[in-house]
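S.K.: Pasting a structure here, questions to come.
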Amino acid sequence: MEKARISSLQLFLLITGFLFGSTLILNPATGAKNDGWLAILIGGAVGTLLLAVYASIALLNPSKTLVEILRDRFGKVIGNIIAILYIWYFIHLASLVFRNFGSFMLTTTYPKTPLEVIIAVFALVVMYAVNSGVEVVGRMSEILVPFVPVIAVIISLGIITVHDFTAFLPVLENGISPIIKASFNLLTFPFGETVVFLMIFPHLNKRENLKKVSTLSALSATGLFLFIFFRDITVLGSHLIYQATFVPHLTSVLIPGINLEPLFNVNLIIGGSIKVVICMYAAVNGLNQLIGANDYRKFTTAVATFCFVLSIWVYENIFEMFDWAENIWPYYSIPFQIVIPLMLLFLSLIKKGNPAHEKSIE
Amino acid sequence: MKIKKLAIVLMLPILLTGCWDNVDLADINIVTAMGIDKAEDGKVIVTVQVVEPAALQSSSSGQARGGSAQPKPVFVESYEGETISDALISMKSIVDKRLFLSTIQVLILGERFCKDGINEALDFLHRDYQSEYLTDVLVAKDVTPEQILKIQSDMEAIPAMYIKGTIENTAIRAKVKRTTLIELFKDIKNKCRQVTIGQITKVNEKTVKTEGSAVFKDGKLVGWLDQYQTRGYLFATDKVKSTIVNIPVTNGKMSIEVSNSSGKLDVEFKNGEPAKLSIQVNLEGNIVEYIGKETLDSPGNIYKLEKILSQEVKKEIVMTLNKAQKDYSSDIFGFGTVVHKYHPHYWEKVMDEWNDVFSRLPADIKVEAKIRRAGLIKSPMMKDE
Amino acid sequence: MNSNILIILIIFTILGLYDFRRFIRKKEPAKVVIVHIIIMALSLAIGLFLAIGKRPISPSQWIERILKMTGVIK
């Protein structure tokens, strides 16, 4: 395994940036209209629990990545099959982020640039980052991720003159079910997607901090979501939020006098690139461990090419993308994000209760 | 090897110089104003006002030289089409360059177009990435948008800038409802509040006037408010920044500049049904002109003036409310928002016929006026007899 | 015919060939080379189909069908 080490702060920033990633473009909480903040609260709380589950799995299986844990707990054959499915899932996730990102850029900023070109340029940069290794990505996050909240605050200050602070009323207008649906969507996108971090957790230099770091980052991401939701709803009102394709983008173009749209794009590029880099690293490294080769960098080009092709292939148009993100992605993700991790946690706990066995494995 | 690497690094910035479809400024037509109207047969007429940067330059230097035949700084073209985008694309057959819409300053809607509903225009403008959300929107009264855009003002070379300037000026004295595109997007499908848009009329070939506003119901133009009714509306909806109110006093008149005003809407409920609309306005003003004889030094006098001032403002609000309730049956104030927010269950039942409910409700209007300062002199200039 | 996709695919193929040259020099085990070739070939094949405008049924649609068949979603 690669001997790269990242600090607690870097991991915190990576998880926050990852959670923030494409949620900026496609925020599932808007499905609940005015009650989106309730959905964010519920989704955030359950999401934090889910992250704690992932952290516990990593703690119970010290310095092992997801692929190794799967093999240990499910046996070689089943473990390898599930590992292949996970690698597929990570590649799929990376291409979906590519596509979201590309579609957004296309609709708002680069209307005449072909989608493929935007994604390809993005993919080349991501390939370089993945080949540089986890340490470099961690240090990159230290420089870039702090910009995300700063930019969010700058945009909010810019539009402080246009507001309606009671716009989130009435509470529970359409009953509880849209909130439950939205919070479930929010749980699977983005919180559940942090299952990829099971490939990153072994790199943390101070293992005892893992739980604290993951909980803190989930909570701060929830806080940021809430902040942005309240900003958007006070400025736009619930009708427009429901109608607009890219909500925070709409907020950022409302600032009178200057055009802060590029700032918003910067925000998006930071979150999106961290998300893609992590997913692709997880996929490539997983593939590497699955085959038993010694260096994950051998597969980066191949996997990046595949991600690029898949991202073009995956949807025909933007409606399919939105429909998929809202209606199919959550159900498709349940086994990867909830069922298998819970089984892993359960199996790991059983093994832990039997220390003699644990020793023999080590 | 090092030189080779350096050469590659130095070549990379060449790739960073522009977008995919770099278009030079000389290759686009900068649109400063757009007008949308409907023809008799239901087709859409789109009018654009395009700036010629070169002509602008020569006209400013040309004036110094005493100028011979100058090219016009702007040109105005209209075209008919099935939809707005169709008209804009078809217009390419008569203009020479690509139309660049992000620079639109003013959007003028025709009366006939508004009567059929403005949702059509908003769909295109909201979908199109070039739209500038803070564009000012106006409705042309008794005149087509094309005629408005064809004026040639002496004050500004570009008519669009001139129109925008008048909106800004008039909005400061609260005689026109200033509506930006984003507000229309927000409210057009909102059942809680009906849309109002500022009104523009043509005075002569050189001047336009932006005063008053157009009242919409469910996206369709239903009527107009004059400048005083508009001000009453703005007072009630907390949009007055400053204005001059003239009040009658004994043996004379007085102008008071309102420097601070806040309006609050509420709907009182009784037994789960709305019983009364209430409007509460608090305002502060200074005396800026006084044509009369009494001195103003006693607090009692000022108190009387405050009474008169609040009566005047109240009169305007009552007039507007009556018009909105009786003539147009359109909740332009946004009382529906209050009902929706604080009585969601009742709102659900009444959502679709809220305008009718609104029209039936009695109203309670309270205006509190305070006069703070009287300027540099204490007694009036007029002599005591 | 989408030439942009073709050009991008060519760029990625060149990068892949560089990888390949390294594999041969370092005498990598056969399984690494095989996996690399499979993934590259698959991407290029799908990419070519996309470029000539014959889009194969996407994995998203497969997943949707499978989920519908198992009755998870309606």
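S.K.: Check A:120, A:129 and return the single one that is within 14 Å of chain B (Cβ to nearest Cβ), in contact (Cβ under 8 Å) with a residue 40 or more places away in the chain and out of contact with any Gly (no Cβ under 8 Å at 6 or more places or on another chain).
M.R.: So the residue among A:120, A:129 that is within 14 Å of chain B (Cβ to nearest Cβ), in contact (Cβ under 8 Å) with a residue 40 or more places away in the chain and out of contact with any Gly (no Cβ under 8 Å at 6 or more places or on another chain) is A:120.
S.K.: Within segment C:58-74, how many residues turn out to be in a loop (DSSP other than H, G, I, E, B) and either in contact with a helix residue (DSSP H, G or I) (Cβ under 9 Å, 6 or more places away or on another chain) or in contact (Cβ under 8 Å) with a residue 12 or more places away in the chain (or both)?
M.R.: Of the residues in segment C:58-74, the ones in a loop (DSSP other than H, G, I, E, B) are C:58, C:70-74.
From the residues that got through so far, the ones that are either in contact with a helix residue (DSSP H, G or I) (Cβ under 9 Å, 6 or more places away or on another chain) or in contact (Cβ under 8 Å) with a residue 12 or more places away in the chain (or both) too are C:58, C:72-74.
Total satisfying the criteria: 4.
S.K.: State all residues of segment B:204-242 that are surrounded by fewer than 16 Cβ atoms within 10 Å (Cβ to Cβ) and small (Gly, Ala, Ser); if no residue qualifies, say none.
M.R.: B:223, B:242
Yes or no, residue by residue, for (1) within 16 Å of residue B:114 (Cα to Cα); (2) surrounded by 20 or more Cβ atoms within 10 Å (Cβ to Cβ):
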site: B:124; (1), (2): yes, no
site: B:137; (1), (2): yes, yes
site: B:144; (1), (2): yes, yes
site: B:149; (1), (2): no, yes
site: B:154; (1), (2): no, no
site: B:157; (1), (2): no, no
site: B:165; (1), (2): no, no
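For every residue, the table says whether it meets (1) of a type outside the set (Ser, Thr, Tyr); (2) part of a loop (DSSP other than H, G, I, E, B).
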{"residue": "A:278", "(1), (2)": "yes, no"}
{"residue": "A:283", "(1), (2)": "yes, no"}
{"residue": "A:294", "(1), (2)": "yes, yes"}
{"residue": "A:300", "(1), (2)": "no, no"}
{"residue": "A:304", "(1), (2)": "yes, no"}
{"residue": "A:309", "(1), (2)": "yes, no"}
{"residue": "A:322", "(1), (2)": "yes, no"}
{"residue": "A:342", "(1), (2)": "yes, no"}
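S.K.: Residues of segment C:1-12 being surrounded by fewer than 17 Cβ atoms within 10 Å (Cβ to Cβ) and more than 7 Å from every other protein chain (Cβ to nearest Cβ), which ones? Even if it seems obvious, please write down each step before you answer.
M.R.: Here is the first cut: in segment C:1-12, the residues surrounded by fewer than 17 Cβ atoms within 10 Å (Cβ to Cβ) are C:1-4, C:6-7, C:10-11.
Answer for segment C:1-12, where residues must be surrounded by fewer than 17 Cβ atoms within 10 Å (Cβ to Cβ) and more than 7 Å from every other protein chain (Cβ to nearest Cβ): C:1, C:2, C:3, C:6, C:7, C:10, C:11.
S.K.: Give segment B:344-368 a look and list any residue that's in contact with a strand residue (DSSP E or B) (Cβ under 6 Å, 6 or more places away or on another chain) and either within 14 Å of chain A (Cβ to nearest Cβ) or farther than 30 Å from residue B:259 by Cα (or both), or say none.
M.R.: The first filter runs over segment B:344-368 and keeps only residues in contact with a strand residue (DSSP E or B) (Cβ under 6 Å, 6 or more places away or on another chain), leaving B:361-368.
Answer for segment B:344-368, where residues must be in contact with a strand residue (DSSP E or B) (Cβ under 6 Å, 6 or more places away or on another chain) and either within 14 Å of chain A (Cβ to nearest Cβ) or farther than 30 Å from residue B:259 by Cα (or both): just B:361.
S.K.: Restricting attention to segment A:188-216, which residues are closer than 30 Å to residue A:328 by Cα and not in a helix (DSSP H, G or I)?
M.R.: Let us first name the residues in segment A:188-216 that are closer than 30 Å to residue A:328 by Cα, namely A:188-201, A:214-216.
If the condition is that a residue be closer than 30 Å to residue A:328 by Cα and not in a helix (DSSP H, G or I), then A:189, A:190, A:200 are the ones that fit.
S.K.: Can you tell me which residues in segment A:82-115 are touching a residue at least 24 places away in the same chain (Cβ under 8 Å) and among the β-branched types (Val, Ile, Thr)? Let's see the steps before the verdict.
M.R.: Step one: list which residues in segment A:82-115 are touching a residue at least 24 places away in the same chain (Cβ under 8 Å), which gives A:82-87, A:89-105, A:107-109, A:115.
Passing the criteria: A:82, A:84, A:87, A:91, A:97, A:107, A:108, A:109.
S.K.: Shifting gears a bit: Only one residue in A:26, A:96 is assigned to a helix (DSSP H, G or I) and either at pLDDT 85 or above or not polar (S, T, N, Q) (or both). Which one?
M.R.: Values: A:26 fails: assigned to a helix (DSSP H, G or I).
Answer to the selection: A:96.
S.K.: Still on this structure, please answer the following. Quick check on this structure: which one of C:45, C:41 is assigned to a helix (DSSP H, G or I), more than 7 Å from chain A (Cβ to nearest Cβ), farther than 27 Å from residue A:324 by Cα and among the small types (Gly, Ala, Ser)?
M.R.: Among C:45, C:41, only C:41 is assigned to a helix (DSSP H, G or I), more than 7 Å from chain A (Cβ to nearest Cβ), farther than 27 Å from residue A:324 by Cα and among the small types (Gly, Ala, Ser).
S.K.: Shifting gears a bit: Of all residues in segment A:285-327, which are hydroxyl-bearing (Ser, Thr, Tyr) and under 23 Å from residue C:7 (Cα atoms)? Quick ask: steps written out before the conclusion?
M.R.: Looking only at segment A:285-327, we keep the residues that are hydroxyl-bearing (Ser, Thr, Tyr), and these are A:296, A:300-301, A:305, A:311, A:315.
If the condition is that a residue be hydroxyl-bearing (Ser, Thr, Tyr) and under 23 Å from residue C:7 (Cα atoms), then A:300, A:301, A:305, A:311, A:315 are the ones that fit.
Residues checked against (1) among the basic types (Lys, Arg); (2) assigned by TED's automatic domain parsing to the domain that holds residue B:42; (3) out of contact with any Leu (no Cβ under 7 Å at 6 or more places or on another chain):
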residue	(1), (2), (3)
B:114	no, yes, no
B:122	no, yes, no
B:127	yes, yes, yes
B:144	no, yes, yes
B:151	no, yes, yes
B:181	no, yes, no
B:200	no, yes, no
B:206	yes, yes, yes
B:212	no, yes, no
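S.K.: For residue A:30, state whether it is among the hydroxyl-bearing types (Ser, Thr, Tyr) and out of contact with any Ser or Thr (no Cβ under 6 Å at 6 or more places or on another chain).
M.R.: Working: among the hydroxyl-bearing types (Ser, Thr, Tyr): yes; out of contact with any Ser or Thr (no Cβ under 6 Å at 6 or more places or on another chain): yes.
Yes; evaluated as a whole, the condition is true for this residue.
S.K.: Let me ask you something else. Taking the residues in segment A:224-247 that are within 13 Å of chain B (Cβ to nearest Cβ) and among the aromatic types (Phe, Trp, Tyr) as candidates, determine which candidate is surrounded by the most Cβ atoms within 10 Å (Cβ to Cβ).
M.R.: If we filter segment A:224-247 for residues that are within 13 Å of chain B (Cβ to nearest Cβ), which is where we start, we get A:232-247.
Applying the additional criterion that residues be among the aromatic types (Phe, Trp, Tyr) yields A:242, A:246.
On the way: A:242: 16, A:246: 18.
Looking at the filtered set, the residue picked out is A:246.
S.K.: Out of A:290, A:263, A:347, I need the residue that is more than 10 Å from chain C (Cβ to nearest Cβ), closer than 22 Å to residue A:200 by Cα and assigned to a helix (DSSP H, G or I). Which one? Spell out the reasoning first.
M.R.: Details: A:290 fails: more than 10 Å from chain C (Cβ to nearest Cβ); A:263 fails: closer than 22 Å to residue A:200 by Cα.
Being more than 10 Å from chain C (Cβ to nearest Cβ), closer than 22 Å to residue A:200 by Cα and assigned to a helix (DSSP H, G or I) holds for just one of A:290, A:263, A:347, which is A:347.
S.K.: Are any residues in segment B:140-156 part of a helix (DSSP H, G or I) and β-branched (Val, Ile, Thr), and if so, which ones? Don't jump to the end; show me each part of the working.
M.R.: Going through segment B:140-156, the residues part of a helix (DSSP H, G or I) turn out to be B:145-149.
Correct list: B:148 only.
S.K.: Any residue at all in segment A:97-104 that's polar (S, T, N, Q) and surrounded by fewer than 20 Cβ atoms within 10 Å (Cβ to Cβ)? Give the derivation first.
M.R.: Going through segment A:97-104, the residues polar (S, T, N, Q) turn out to be A:100, A:103.
Next, from what is left, pick out any that are surrounded by fewer than 20 Cβ atoms within 10 Å (Cβ to Cβ): none.
Within segment A:97-104, none of the residues are polar (S, T, N, Q) and surrounded by fewer than 20 Cβ atoms within 10 Å (Cβ to Cβ).
S.K.: Further question on the same structure: For segment C:13-22, name all the residues that are crowded, with 16+ Cβ neighbours inside 10 Å and either more than 9 Å from chain A (Cβ to nearest Cβ) or touching a His at 6+ places or on another chain (Cβ under 7 Å) (or both).
M.R.: C:19, C:20
S.K.: Scan segment B:227-246 and give yes if some residue there is of a type outside the set (S, T, N, Q), on the phi < 0 side of the Ramachandran plot and more than 19 Å from the chain's Cα centre (by Cα), otherwise no.
M.R.: Residues of segment B:227-246 of a type outside the set (S, T, N, Q): B:228, B:231-236, B:238-241, B:244-245.
After this cut, where a residue has to be on the phi < 0 side of the Ramachandran plot as well, the list is B:228, B:231-236, B:239-241, B:244-245.
Next, from what is left, pick out any that are more than 19 Å from the chain's Cα centre (by Cα): B:245.
Checked against the condition, which is being of a type outside the set (S, T, N, Q), on the phi < 0 side of the Ramachandran plot and more than 19 Å from the chain's Cα centre (by Cα), segment B:227-246 yields at least one hit.
S.K.: Please work out if residue A:271 is in a helix (DSSP H, G or I), on the phi > 0 side of the Ramachandran plot and in contact (Cβ under 8 Å) with a residue 24 or more places away in the chain. Show your work before the answer.
M.R.: Values: in a helix (DSSP H, G or I): yes; on the phi > 0 side of the Ramachandran plot: no; in contact (Cβ under 8 Å) with a residue 24 or more places away in the chain: yes.
Against the criterion (in a helix (DSSP H, G or I), on the phi > 0 side of the Ramachandran plot and in contact (Cβ under 8 Å) with a residue 24 or more places away in the chain), residue A:271 does not qualify.
S.K.: Just one of the numbered conditions (1) among the β-branched types (Val, Ile, Thr); (2) within 30 Å of residue B:346 (Cβ to Cβ); (3) assigned to a loop (DSSP other than H, G, I, E, B) is not true of residue B:240; which one?
M.R.: Every listed condition holds for residue B:240 apart from (2).
S.K.: Still on this model: Is it fair to say residue A:250 is closer than 26 Å to residue B:131 by Cα, surrounded by fewer than 21 Cβ atoms within 10 Å (Cβ to Cβ) and either out of contact with any His (no Cβ under 9 Å at 6 or more places or on another chain) or within 14 Å of chain C (Cβ to nearest Cβ) (or both)?
M.R.: Values: closer than 26 Å to residue B:131 by Cα: yes; surrounded by fewer than 21 Cβ atoms within 10 Å (Cβ to Cβ): no; either out of contact with any His (no Cβ under 9 Å at 6 or more places or on another chain) or within 14 Å of chain C (Cβ to nearest Cβ) (or both): yes.
In short, no.
S.K.: Between a residue in segment A:58-80 that is touching a residue at least 12 places away in the same chain (Cβ under 8 Å) and any residue that is crowded, with 20+ Cβ neighbours inside 10 Å and not in a helix (DSSP H, G or I), which pairs come within a Cβ distance under 6 Å, given they are 6 or more apart or on different chains?
M.R.: A:69/A:61
S.K.: Continuing with this model, one more query. I'd like to check something: does segment A:325-340 contain any residue that is within 12 Å of chain C (Cβ to nearest Cβ), under 30 Å from residue B:182 (Cα atoms) and buried (at least 19 other Cβ atoms within 10 Å of the Cβ)?
M.R.: yes
S.K.: Further question on the same structure: If you take the residues in segment B:172-192 that are more than 30 Å from residue B:344 (Cβ to Cβ) and surrounded by fewer than 22 Cβ atoms within 10 Å (Cβ to Cβ), which one is nearest to the other protein chains (Cβ to nearest Cβ)? Steps first, please.
M.R.: Filtering segment B:172-192 down to residues more than 30 Å from residue B:344 (Cβ to Cβ) leaves B:172-176, B:178.
Still in the running and surrounded by fewer than 22 Cβ atoms within 10 Å (Cβ to Cβ): B:172-173, B:178.
On the way: B:172: 15, B:173: 20, B:178: 12 Å.
For segment B:172-192, the residue satisfying everything is B:178.
The values are calculated or read from the model by the stated rules, or taken from the named source; none is laboratory data. All values derive from a computational prediction rather than experimental measurement. Quick reminder, even Gly has a Cβ in these numbers, built from the backbone with ideal geometry, and neighbours come from all protein chains shown.
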